[in-house]
Amino acid sequence: MGATTILRDVDVSVAPGEAVGLFGANGAGKTTLLRILATLLAPSAGDGTILGAPVTGSARYDVRPQISLIGHVPALYPELTLRENLQFAARIGGQTDQRVDEVLATVGLADAADRRVAACSYGMQRRAEFARELMRAPTLLLLDEPHTALDAAAVDLVGHITAGVVERGGAAVVVSHDRTRVAPMVDRTLEIAGGTVR
């Protein structure tokens with residue numbers, strides 16, 4: 001079987017202090033582009049930089065700790081509690097358990113902190129991921145359909161976290177089908193179709 005080209009002639013630049021919305025149909029290449037920006041995939045051709053590191057080669061791994069990707073599937077350990085998941089991230093980042101409790105309270109999960117992730121709803125798991133990002137303070141925030149399965153209060157959290165990254169001089173890329181919710185969060189929008197960004 002031959003190879004399939006997912007992205008082609010992509011020329012995207014996101015400046016410090018900027019949030020960009022990315023829209024397109026299913027299968028257009030949005031998630032693939034996010035995974036390249038997250039340094040999880042290397043393009044088969046072309047070049048570019050992520051936070052100053054070449055998008056190909058091992059140097060991209062050096063900037064990975066500055067990047068946060070919240071995708072469709074919550075990246076949490078299901079056998080641990082919400083608090084334990086955040087404590088794990090906190091210890092890697094040199095933060096305290098007190099900070100863990102603070103961010104859980106901020107996202108409305110203080111009363112569920114000792115619940116195992118496997119017993120939490122999808123919406124609660126998403127809130128826990130937002131709590132982790134509040135704690136981590138990434139330089140580059142990548143959100144893939146962040147409003148899925150969220151109530152109104154949690155939707156506001158997405159905007160709050162994105163604004164915090166931008167205000168610190170970081171950057172954000174938000175992939176979504178929901179133009180109405182994304183528009184107030186971003187400085188500009190891009191369209192991806194046929195693997196090309198416009």
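The values are calculated or read from the model by the stated rules, or taken from the named source; none is laboratory data. What you are looking at is a predicted structure, and each value in this text was computed from that prediction instead of being measured. Counting neighbours? That spans all protein chains shown, and the Cβs are built from the backbone with ideal geometry, glycine included. Note: accessible area is taken over every heavy atom of the protein model, side chains too, but ligands, DNA and RNA are not part of it. Shrake-Rupley method; radii C 1.70, N 1.55, O 1.52, S 1.80 Å.
Here region 120-198 and region 79-99 have alpha carbon centers that stand 22 Å from each other. Under a model in which nothing but the beta-carbon of Lys, Arg (+1) and Asp, Glu (-1) is charged, region 120-187 shows a dipole of about 140 debye around its Cα centre.
DSSP beta bridges fully contained in the chain are about 20 percent antiparallel. Three semi-axes describe the equivalent ellipsoid of the chain; taken as square roots of 5 times the Cα gyration tensor eigenvalues and ordered largest first, they are 29, 18, 16 Å. Selection among Leu104, Thr5, Leu76 by position relative to the dipole of the chain gives Thr5 as farthest towards the positive end (Cβ unit charges, Cα centre). Here the chain is assigned +1 on the Cβ of each Lys and Arg and -1 on the Cβ of each Asp and Glu. Its dipole about the Cα centre then comes out at about 260 debye.
Compared with the dominant Cα axis of the chain, that is its longest principal axis, helix 152-167 is turned about 60°.
Accessible surface for Ile36 stands near 30 Å², nearest 10, in the context of the full protein assembly shown (1.4 Å probe).
Stokes-Einstein diffusion for region 120-198, with the hydrodynamic radius set to the Kirkwood value over Cα pairs and evaluated at 20 °C in a medium of 1.002 mPa s, equals 162 µm²/s.
How big, in percent, is the set of alpha carbon pairs in region 1-115 lying more than 18 Å apart? Mind showing how you got there, number by number?
Working: 4190 of 6555 pairs.
Tail of the P(r) past 18 Å holds 64 percent of the pairs.
Across Glu167, Glu79, Glu18, the residue with the most accessible area heads the list, and the full order at a 1.4 Å probe is Glu167, Glu79, Glu18.
Surface composition of region 83-198: carbon and sulfur atoms hold 50% of the protein heavy-atom accessible area at a 1.4 Å probe.
Using every pair of distinct Cα positions in region 77-178, the Kirkwood expression returns a hydrodynamic radius of 13.8 angstrom.
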